[in-house]
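Chemist: Attaching a single structure in structure tokens format; questions to follow.
Quick note: the coordinates plus some simple rules give every number you see, no bench work behind them. Just so we're clear, the structure is a prediction, and the values are computed from it rather than from any experiment. Note that we place each Cβ from the backbone using ideal geometry, even for glycine, and neighbour counts take in every protein chain shown.
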């Protein structure tokens, strides 16, 4: 157990940040799954920029790795472009 006041505060802050990051990472995963499940090209093209922005923001804040965000964006873009009109 932590003995210093600053260490106790750091533990509280880390837990709060961890929960915050888990929430946003889960929200992004759900959005990606929803986009993958979409078969309507028009709907998918409107969803894609929002999800790309979400992934960029998470990568910028180190919630997810920048390469993971890049890979997801690339795969999602290819999938949306491949959808039938």
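Chemist: Quick one: order 47, 1 by neighbouring beta-carbon count within 10 Å, fewest to most. Before the final figure, lay out the partial values.
Modeler: On the way: 47 18, 1 5.
Exposure proxy ranking, most exposed first: 1, 47.
Chemist: Also, I was wondering about something else. Arrange 55, 72 by Cβ neighbour counts within 10 Å, fewest through most, would you? Kindly include the intermediate steps, with their values, before the conclusion.
Modeler: Numbers: 55 23, 72 20.
Ascending number of Cβ neighbours within 10 Å: 72, 55.
Chemist: Which ordering of 38, 30 is given by a fewest-first count of other beta-carbon atoms within 10 Å? Mind dumping the intermediate values first?
Modeler: Working: 38 18, 30 10.
Final ranking by Cβ density, sparse to dense: 30, 38.
Chemist: If N is the number of residues in the chain, what value comes out of its Cα radius of gyration divided by 2.2 N^0.38 Å?
Modeler: Values: Rg = 17.3 Å, N = 85, 2.2 N^0.38 = 11.9 Å.
Relative to the 2.2 N^0.38 Å estimate, the chain comes out at 1.45.
Chemist: Something else now. Please report how far the C-alpha centroid of region 3-34 lies from that of region 39-74, rounded to the nearest whole angstrom.
Modeler: 20
Chemist: A further question follows. Can you work out the FRET efficiency for the pair residue 46 and residue 15, with r the C-beta to C-beta distance and R0 = 30 Å, to the nearest 0.05? It would help to have the intermediate numbers written out before the result.
Modeler: Values: r = 36 Å, r/R0 = 1.22.
Working from the Cβ atoms, E equals 0.25.
Chemist: Then there's this: At a Förster distance of 25 Å, what's the computed FRET efficiency of residue 34 paired with residue 78, Cβ-Cβ distance as r, to 0.05?
Modeler: Working: r = 17 Å, r/R0 = 0.68.
For residue 34 and residue 78, the calculated efficiency is 0.90.
Chemist: Suppose only helical runs count, i.e. DSSP H with n ≥ 4. What mean residue ellipticity at 222 nm does that imply for the chain under -39500 (n - 2.57) per run, divided by all residues and rounded to the nearest 500 deg cm²/dmol? Before the final figure, lay out each step's value.
Modeler: Working: 3 runs with 70 residues, N = 85.
About -29000 deg cm²/dmol.
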